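Written out below as structure tokens is the structure these notes cover.
None of the figures in this text is laboratory data; all of them are computed from the coordinates on show. These numbers were taken from a predicted model, which means no experiment stands behind them. Virtual Cβ from ideal backbone geometry, glycine too; neighbours counted across all protein chains shown.
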Amino acid sequence: MHPNPTFRGTPDTLSLAFARDRAFGVLAVSCDEAPLLSHVPFLLSGDGSHADLHLVRSNPISRVVKDGVSARLVISGADGYVSPDWYGLGPDQVPTWNYVAVHLTGRLVPLPVEELPDLLARQSDFFEDRLPKAPWRMDKLAEDTRAKLMRMILPFRLHIDSVDSTWKLGQNKPEEARLAAAGHVSGGIGHEIATLADLMKNPPEAD
């Protein structure tokens, strides 16, 4: 997380809403060598207390969870490069990168395998119901295919203890400069830069 408190004041409710809608992140668990990382879809509960997810049995994280392990779920949003020329503030500015990121930290525990079918159905329903088509449902799987799938993966729950977020959107600049930069960002370099430009124009209110 960025150390500047200017970018750290977004209410947890807004950061959790962003994470819930994104529903995809990087799960990180410490180990003796480099951290173990896995890119996972997840379902965040309505109250933000936990996130449910699944991993294949062969995933290294699945092997170390046992009765529970400290873990962090990292959810990234829009991001993009900001040229100092875009502020219109003169020569004493430097390049930067604006972005949105939320970290959910807590304890990852295994769920009973009996809960796996319900978890998979809830996950597929969450995404399918947002598409402009008749939704795919788990009951479309042949029984042998379904049984094979259930043997390959395991359900988990991250019990969330803390929510940290950075909404770095140029809030440390005068409004006129921030808006000027936002006008250029959507034609620049980054990920979801049109969304980033909109956020820079209307950054969330701090707590």
| said: Looking only at residues that are touching a residue at least 60 places away in the same chain (Cβ under 8 Å) and touching a helix residue (DSSP H, G or I) at 6+ places or on another chain (Cβ under 9 Å) in the stretch 104-142, which one is farthest from ALA19 (Cα to Cα)? | reply: LEU116
| message | Quick test for you: out of GLY88, GLY106, GLY68, GLY80, pick the one residue that is touching a strand residue (DSSP E or B) at 6+ places or on another chain (Cβ under 8 Å), among the small types (Gly, Ala, Ser) and within 26 Å of ASP198 (Cβ to Cβ). | response | GLY80
| Scan of the stretch 108-138 for residues that are within 24 Å of the chain's Cα centre (by Cα) and surrounded by fewer than 11 Cβ atoms within 10 Å (Cβ to Cβ), ordered by number | ASP129, ARG130, LEU131, PRO132
| request: Sort out for me the helices (runs of 4 or more DSSP H) sitting completely within the stretch 141-207 that have 3 or more residues that are within 22 Å of the chain's Cα centre (by Cα). | output: 193-201
| field | Leading residue by the ranking (farthest from ALA34 (Cα to Cα)) among those in the stretch 57-82 that are over 20 Å from the mean Cα position of the chain (by Cα) and of a type in the set (A, V, I, L, M) | value | VAL82
| said: Here is a check on your reading of the model: is LEU141 touching a Leu at 6+ places or on another chain (Cβ under 9 Å) and either surrounded by 17 or more Cβ atoms within 10 Å (Cβ to Cβ) or closer than 15 Å to LEU53 by Cβ (or both)? | reply: no
